[in-house]
Structure formats: structure tokens, C-alpha cells
Amino acid sequence: MAGRIVITATGIISALGRGTGEQLQALTQKKAGLRHALHLKTKHAGEFLLGEVDYSNDELSAILNLPQGDNGYTRTTLLALAAMQELFEKTGVDIYTKGAFALINANTVGGMCSVEDMYLDFLAEKKEGPFLKYIDTLDCAESTLNIARYFNIKPFTATISTACSSSANAIILGSRMIQLGLVNKAICGGCDALSRFTLNGFNSLKNVDKEASRPFDQSRFGLNLGEGAGYLLLEKEEDAINRGADILAVLSGYANTNDAYHPTAPSPEGDGAYMTMQLALDKAGLTANDLDYVNAHGTATINNDAAEGKALQRLFTDKQPYFSSTKPFTGHTLAAAGSVEAIFSILALQNNITLPNLNFTTPMPELQIQPVTEAIRTNMQHVLSNSFGFGGNNVSLIFSRA
Amino acid sequence: MMKPVYILSASIVSPQQHYEHEGFLDDLKSSHDGTLYITEPNYRQYINPVAIRRMSKLLKMGISCGMNALKQAGIEKPDAIITGTGRGSMVDTEQFLLDMIKMEEEALTPTSFIQSTYNSVNGWLALQTKSNGYNQTYVNRGTSLELSLFDTQMFLNETNEKSYVLAGCFDEITPDYIKVKQKVGYWKQPSPNSLYLLNNSATPGTIAGEGAAFFTLSNNSDNAICSLQSLQMLQDAGVDEVRDAVNTTLSQSSLSLNDIDVIICGMNGDIRQQAVYDAIIAGSPSHTTIAAFKHLCGEYDTSSGFAVWMATEFFSTQQVPDILLLKKGNHANIKNVLIVNHYILNSTSVILLQASLQ
């Protein structure tokens, strides 16, 4: 085995801003990024609060030195490139030329954000136009391959789609590949842009809140959708030390399980969530008492928060844990949520500060535990981040101080 | 470098045959319209009868094929379920998308939205087998099946305990998908009879296909059909890079091209993708058989699943059916099979399989 796997750089864009610094500032100042959509061309724009990234496609293209207008890059890819730009600015590209490295991306609906506006043109006989540049952009790998092409790198590439746990799974795969000696470094994360497809899809499930979501609150109704991208550089601790890199955190534990309970709903007593967190703790050689903060999946849907809350309660038998959902800040960024919240969890760890659970007023009657609603300074050694998805795909990650 | 892992069973749903069929490519199907749709099995013996009514074709073929692979291996509850799909359920994706456009974002029902998620087959397989273990879905265009096999090899190398993984792939085509991709020249015009696709390799374009393939793999060689030695995935690679990948793959198993009995090539009739195969064929020794398959299953993101299934049949029957032959070699038996597959969107994979000594 390769010893400990550490995180040495991050890149992120979300409704809270571009770059890791802007995220921390908004999180600690309790400034949510939700708004009514300005860029998503939906009939429901004035109706739902969404975690939309501030920048338009043209503004993102300008940041990336890409042509304006229909340039063939979907918003999904533009978000991915913007987040990766931060990571590469921090690390340079030279470190990737020494030995094999992996780019492991995650995504749920590919370039649907573009395709949904062009689909009738796609189907129209003999019609031509700039939309043709988008014909191969619907699948999830388009953002992955565009990252490699844009930054002119030739990594081992993989794209994962396990719904809302996708990018947490990307982090696990990267760590495993390094442990097995298959690559030296792995850039892992995910991206998703808001689309009418997902907004209407979740809305047809009747679990989207029009107002700001209220995780772990008795009055919660559903989630807010969001968009974003987040990437983390994973490498062996000894490699990071040898090249003098800043070590942000150690990935000390992880688990991937399946509920095997229902196609979309979690097991009501949170058995799946409990098992996943417990396995991650086992992997890290820790107990729940060692955890200083949990960044919950906390979508604010009736089912998730009941199941996850009960699982947390079962896990923490000896102490009241600090836990919160940061989704009222960013909206649920779907495939990006795992990596975005992994970065948030690392920020909490590095800064010894809990991340506030916004909009919490009334405890859930079935829970004796309550989320932390303030940015509280407290010594942190270990934090856990949950990501649970449709299809019963559960992931927990544990990050520890180096 | 990872240790080989063992394929214990292989199951197929394809345009040619599905898992209920006993023979091996002995009842050939063909088409004239540039599409090869699957022949559908009776799904009911493998899928919950209440759930089946609302399922689209992709879910049914994926779930039933996976369950059949487990049944063949005598495994009820695998330790992991790892799949790959290029496009997931196209039918459900298109349906929800078109409904949303037509209904102007009002009064939509969630079934097709839920089923359009790429991991829905995995979720159902976990549910039906009560498998709480590792569960993963890769969506990486032409190397999605390969990633599922690669992760399977990783998973089985990470433990010393006897473990079983269900790995596989599924993709489907739809009339709208054919229409959309025609705009960027995917398909051969005019469409030849599918069985003669490879006789029409001087022009661009191919024919569309679909299917599911599932395999039970273990780190234990008992009752194995063959081993998965190693595999490589490349993106935007030139002829030289592919040749290097072949050589690396072979040398990792201490083999050379001379040791390969059959090379399965993924040529799809499109002259734009022929160069990779021409180089492989030119470099192969005279005793090596060269086999092709996309005239039988069509081109799709996870068509290499059909090729891996074919290879397991080669090992079991020690025969390469004539319909597959590009060149018949004079090897004594079939021990080592190399699969080289190139996909339209410029990905290439190299897979090395070796017969198990019983």
C-alpha cells in the first residue's frame, strides 16, 4: 500500500463564487447563493430559488479565452473548465508530466443544459446551424474529454454517474488507483449545470422547494437545485512532502454502499446511511466520537433528512455532533455535490470552523440532534462528508488533519 | 500492475441472440436499414413482475442480462456491481425531454426522468440481489464497459478474500438517436445489408447497434471460463499509441503478438476508423485468426461487451464461427484473445483475455 493519500489543491465554482476563497467567505458570513434564475431559460425562473452560478456562458467563455456565443462548449463543460483553471493555476501543469495521472470526473446529465434548447433543431430534417457543434455533447463524458483537450493533458480518464454521489465516488476511485500504484496523482471531482430537464424532473417528483430549503427542519419541503464544479488533487503524502506541496487534508476513510431498498427513496430508518458512515469510520480506524463535524447530504427533502438524521443519531451515541447541510448556500449541485462539499469539509477542517446550516428554526420531532446553525470555532481533527443518491448509491468520505 | 481476475460467466442480449439461446451465432440476423436492434428475451423470469410494466427496454435488458450472468455463475448476491453505459436509457431521456418541450414544463410525470438516470440499472440490480456492497456506474463513451472491467479488476485486487463482482454494460438506440447522429455523419449512406458492412469499408459511416453484456468475475479461478489479464484505454490516440498499448498489454502478461491466437477487431465499416485496425492486422503473425463483430451487433458505446462475450464463447467452444472471420489462422487451440476496439468518438481500448486451464 502507498501510505496516506492527501489533498493538495482544489478548484471550485458554485453559486457562492469562483475560487476556493470566495466559498469560505460566503459560508462563514452566512451569505447564501440562491436566487431566481438569470441564465437558465426556464418558464419557472421566477418561481424557484436556484443555486445558479453568477457568470453567464459568455462570461465563463471570456474567463477561459474561448470564443463568445455558440462555441460548442456546454455550460456543464464551462463550469468544469473554470473550476479546473483554479486547480491548475495553483499546481502548474509540470507536476502532471512525471508519471501517470488520472482525471476522474463525474456528471449526471452531460450537456443537457444546451441540448434541451436545441433538441427540436437536432431532430429537424436537413436543418443546419451552430447547434451542430453540440450534437455530441449530451453524454456525461463530454465535459471530461473537454477538460483533457482544453488543458492539453493526456491522463487516464473516467467519468462516473451515480446520481448525487457521483463526484464523491470520483474521489474514492482516485484514491484507490493511487493506492494500487496505477497512477501517481488523481484529479477528482464533478460538474453539473442547471438544466430545465433536471429542474422539471425533480419538480415532477414534487420535492423541489420554491423558497430557500430548510435542511433538518420540521417545516422542510424539498431541495433547491444548484450548479457548479469542484475538483481535488489527490496524491501520496510522501510525494506531496517531497515536492514541498501544501497538504490541505488527508483522505483518511471512505465507503461506497448501496441501500438496495428502493429506486429513489432511502431506507426510512437510515440503515444505508448508517452503514456507509460506519464503514468509512472503520476504514479510517476512527469512531464517531472522533468526528468533529459532519457535512450532511441534507437535501431538505422529507425522506433524506429523516433517514440521514436518524442515521447520524444512531452513529453518535456519546456526544452531540456538529453537523450541517450546506445545500441552502449552493443548492443541490447533483454530480458536483460530493466534491463541492468535500472542499467545504476541508475548509471547515483547515479553518477549525463549523459550517452553518441555514434556515433551521424548528427541530424534527423524531430527532434529538440538531444541526449547527453558526460558524463556530472549534478544534477539528476529523470531518465526514455524506453524499447519497438515487439508485441507493451512498458515499461517505472522511478528511483528517495532516 | 494488477493480478488477473477470472470471468466465471457471460451473458448477452444482442441483435443476434440473447441469454436464452443455447447456440453460438448459429441463427444470424441482419438488417438493411442501418440499424440492429436487440432480439428481446422473456424478461419476466428475472425482473419483479410489478416493476416490469413501467420499465423501458434498456432497464429490462440491463437488469435481466445482469441477473442471468449471476444465475449462470451460481451467485445470488455479488460483493460489488460495477457497470458502464455510454448513454443510459435513451428512450427515457428522449421521452422526458420531448414531454417537457411539448408540455412547456408543466404536468410532467417522473417515471421517465427517474429511469433516465445512468445508475438506474445498477440500483435495480442491487435491489433485486439485496447487494449492499460497492456499486458503481461509468459513463465514459467508448470505454464505459472497459472502466467497469478495470474497476472490477481493482476491486478484486484489493482483497484476499474470495469475492464476486457483477460487471457489465448496456446501451440502446432509438429512431431519434439515429436521426440526430446522421447530421454529423455517423451512419453509412446508403445502408448496406448489415452482414456485408465490412465489405463496404471504403466509405465513411457505420451502422447503429445496441445490446447488453454482463459478466461475473472473481479473484478465484474455480470454474472460470477465462482470465481478464489486463486492459488499456486510450483517448484521441494515433496508430502508434495504439500499437504501443497493445505491446504494453502483452508484455504485462509476458506475451508477444506471436502468442495471440485470435485478435477481435472492432472495425465498423467506416474508413475513417480503419487505420488503427490495418496497423494491428499488418503486425499480426500468420497463425493468428482475425475476427470482426460490428456487422453483427452494430456500433455503440459499449459494443466491446459483445466482443468480450464472443471471446468467452471462443474459449468454451474452441471455435471462431466463419461469419466473424477476416482471416483464419492455423493456431492449434484458442488460449489468448486480444480485443482492440475503436469507437466513433475517438476512444480505443485493448483487452487481453486468456483461457483458464481446467
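Taken together, the values in this text are just the output of simple stated rules run on the coordinates, not laboratory data. Predicted, not measured: the structure shown is a model, and the values here were computed from it. All Cβ positions, even for glycine, are placed from backbone atoms using ideal geometry, and neighbour counts span all protein chains on display.
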Put +1 on the Cβ of each Lys and Arg and -1 on the Cβ of each Asp and Glu in chain A; which of A:Gln68, A:Gly230, A:Leu205 then has its Cα farthest toward the positive end of the dipole?
A:Gly230
Based only on other Cβ atoms within 10 Å, what is the fewest-to-most ordering of A:Phe399, A:Phe197, A:Phe216, B:Phe170?
A:Phe197, A:Phe216, A:Phe399, B:Phe170
Residue among B:Ser191, B:Ser316, B:Ser254 with the largest mean-square fluctuation in a Gaussian network model of chain B, springs linking Cα atoms under 10 Å
B:Ser254
Where does the charge balance sit around A:Ala348 when Lys and Arg score +1, Asp and Glu -1, over other residues with C-beta under 13 Å from its C-beta?
-1
I'd like the FRET efficiency for A:Asn303 and B:Val184, computed as 1/(1 + (r/R0)^6) with the beta carbon distance as r and R0 of 45 Å, rounded to 0.05.
0.60
Take the cross-link list A:Lys98/A:Lys236; B:Lys57/B:Lys181; A:Lys30/A:Lys310; B:Lys3/B:Lys130 and give me the ones stretching past 18 Å between alpha-carbons.
B:Lys57/B:Lys181; A:Lys30/A:Lys310; B:Lys3/B:Lys130
Tell me which residues come under 5 Å, amide H to amide H, from B:Lys327 once H is placed; ignore anything under 5 positions away on its chain.
B:Ile290
Starting from the Cα gyration tensor of chain B, take the square roots of the eigenvalues, sort them a ≥ b ≥ c, and report rounded, prolate or oblate (rounded when a/c is under 1.5, otherwise prolate if a/b is larger than b/c, else oblate).
oblate
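For the residues A:Val208, A:Val372, what sequence is obtained by ranking on other C-beta atoms within 10 Å, fewest first?
Neighbour counts put them in this order, fewest first: A:Val372, A:Val208.
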In range of the label at A:Ile376: residues from region A:9-37 whose backbone nitrogen is under 12 Å from the point 7 Å along Cα→Cβ
none
Axial C-alpha extent at least 15 Å, average Kyte-Doolittle at least 0.0 - helices from chain B (DSSP):
B:57-73, B:90-102, B:144-157, B:304-317
Can you give the Kirkwood hydrodynamic radius of region B:229-355 from its Cα pairs, in Å with one decimal?
14.3
With just the Cα atoms of region A:5-242, tell me how far they stretch along each of the three principal axes, in Å, largest first.
54, 53, 30
Using a Gaussian network for chain A with springs between C-alpha atoms less than 10 Å apart, which of these wobbles most: A:Ile302, A:Ile187, A:Ile171?
A:Ile302
Need the C-alpha centroid separation for region A:136-204 versus region A:260-307, integer Å.
23
At a 10 Å Cβ-Cβ cut-off, how would you order B:Asp261, A:Asp318, fewest neighbours first?
A:Asp318, B:Asp261
By the C-alpha gyration tensor axes a ≥ b ≥ c (rounded if a/c is under 1.5, else prolate when a/b exceeds b/c, else oblate), the shape of region B:209-248 is oblate
Over region A:5-242, what is the relative contact order in percent, taking alpha-carbon pairs closer than 8 angstrom and at least six residues apart?
30
Stick to Cα atoms and the Kirkwood definition of Rh, then tell me Rg/Rh for region A:40-115.
1.04
Using the C-alpha atoms of the protein assembly as shown, what convex hull volume per residue, in cubic angstrom, is computed?
140
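Under a Cβ-Cβ cut-off of 14 Å, what is the net charge of the residues other than B:Val50 that fall near it, where Lys and Arg count +1 and Asp and Glu count -1?
Within the 14 Å Cβ shell, the charges total +4.
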Can you give the alpha-carbon Rg of region B:5-218 over 2.2 N^0.38 Å, where N counts its residues?
1.07
Looking at the square roots a ≥ b ≥ c of the eigenvalues of the Cα gyration tensor of region A:226-364, which shape do they give, rounded for a/c under 1.5, prolate if a/b is larger than b/c, or oblate?
prolate
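Roughly what percent of Cα-Cα pairs across region A:292-349 reach past 12 Å? Intermediate results must be reported in sequence, preceding the final value.
Working: 1112 of 1653 pairs.
Pairs farther apart than 12 Å: 67 percent.
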Given a 10 angstrom Cα cut-off, can you work out which residue in A:Gly129, A:Gly19, A:Gly230 is the most mobile in a GNM of chain A?
A:Gly129
Which of the lysines could a cross-linker span from B:Lys327 if the Cα-Cα distance has to be under 20 Å and same-chain partners fewer than 8 positions apart are dropped?
B:Lys294, B:Lys335
Kindly provide the pair-distance distribution of chain A built from C-alpha pairs, with 20 Å bins from 0 and whole-percent values in order of increasing distance.
31, 59, 10, 0
